[in-house]
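Report on the structure given below.
What follows is calculated from the coordinates using simple rules that are stated; it is not laboratory data. Computed from a predicted model, the values in this text were never measured in an experiment. Note that each Cβ is placed from the backbone with ideal geometry, even for glycine, and that neighbours are counted across all protein chains shown.
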C-alpha cells in the first residue's frame, strides 16, 4: 500500500491511498480524466491457458465444496503445443516450473441463475525445491533399510553361533 501525491508543478492536486486490494481511483484535472491504482507485478509467460469449462460441485444439501474443476486449453506457440487439461482440487497443473492450483471458483447453478459467466482462479507457485521432499523420503527409506540390514546380519550371526538344542 502507498499514499500517492499527484503534483502539477508545485501545486498538489491531491493524495490517494492505493493498494493491490483496492480498485483504481479516478480524478479529473484540466478536462482530462486520470486513474491511479496499484497492482501486483505481472510475469508474462510464453504460453496461455484458456478456461473451457468450470465445474463446482457441493456435497448434497450443503454449501460445502466437494469438487472444483477447470477444463483448460494450454497453448504454447514456441513448442506448438495445444492440448486440453483438467485442473481440480489436489491435482494441480505442473508446467515449465510453475504449479497451477485450483484456488477459487465461480460456477454452478447459482452463477447461472444470476446470469454470470463461470470463472476460475488459480494460485500459481514457482517452487524450485519441489524435489526436496522426495529426496528426503529416499534418504529415510535408505536409512531404515541400512538399519534393518545391520540388525538382520547381527541376528543371523547370533543364530548361526547357537548350538542346536535337543
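A compact table of results
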{"quantity": "Once the Cα gyration tensor of the stretch 74-166 is diagonalised, semi-axes √(5λ) in Å", "calculated": "56, 19, 11"}
{"quantity": "Semi-axes of the equivalent ellipsoid for the stretch 62-104, Cα gyration tensor, largest first, Å", "calculated": "25, 11, 6"}
{"quantity": "Normalised per residue, the volume of the convex hull around the Cα set of the stretch 1-67 (Å³)", "calculated": "216 Å³"}
{"quantity": "Centre separation in Å (Cα based) which lies between the stretch 114-151 and the stretch 11-83", "calculated": "28 Å"}
{"quantity": "Cα pair distances in the chain, grouped into 10 Å bins until the bin that holds the longest one, percent each", "calculated": "7, 18, 18, 19, 15, 9, 6, 4, 2, 1, 0, 0"}
{"quantity": "Cα→Cβ-extended label distance, 7 Å offset, between residue 8 and residue 114, nm", "calculated": "4.0 nm"}
{"quantity": "Top of 95, 103, 43 by mean-square fluctuation, Gaussian network on the chain, Cα under 10 Å", "calculated": "43"}
{"quantity": "Mean projection area, nm², convex hull over Cα of the stretch 47-126", "calculated": "5.7 nm²"}
{"quantity": "Mean projected area (nm²) of the alpha-carbon convex hull when the stretch 18-57 is viewed from all directions", "calculated": "5.9 nm²"}
{"quantity": "Estimated distance in nm for a label pair at residue 55 and residue 33, the labels positioned 7 Å out from Cα along Cα-to-Cβ", "calculated": "4.3 nm"}
{"quantity": "Computed E for residue 98/residue 20 - FRET, C-beta separation, R0 22 angstrom, nearest 0.05", "calculated": "0.60"}
{"quantity": "Folded to 0 to 90 degrees: helix 132-161 orientation relative to the chain principal axis, Cα", "calculated": "10 degrees"}
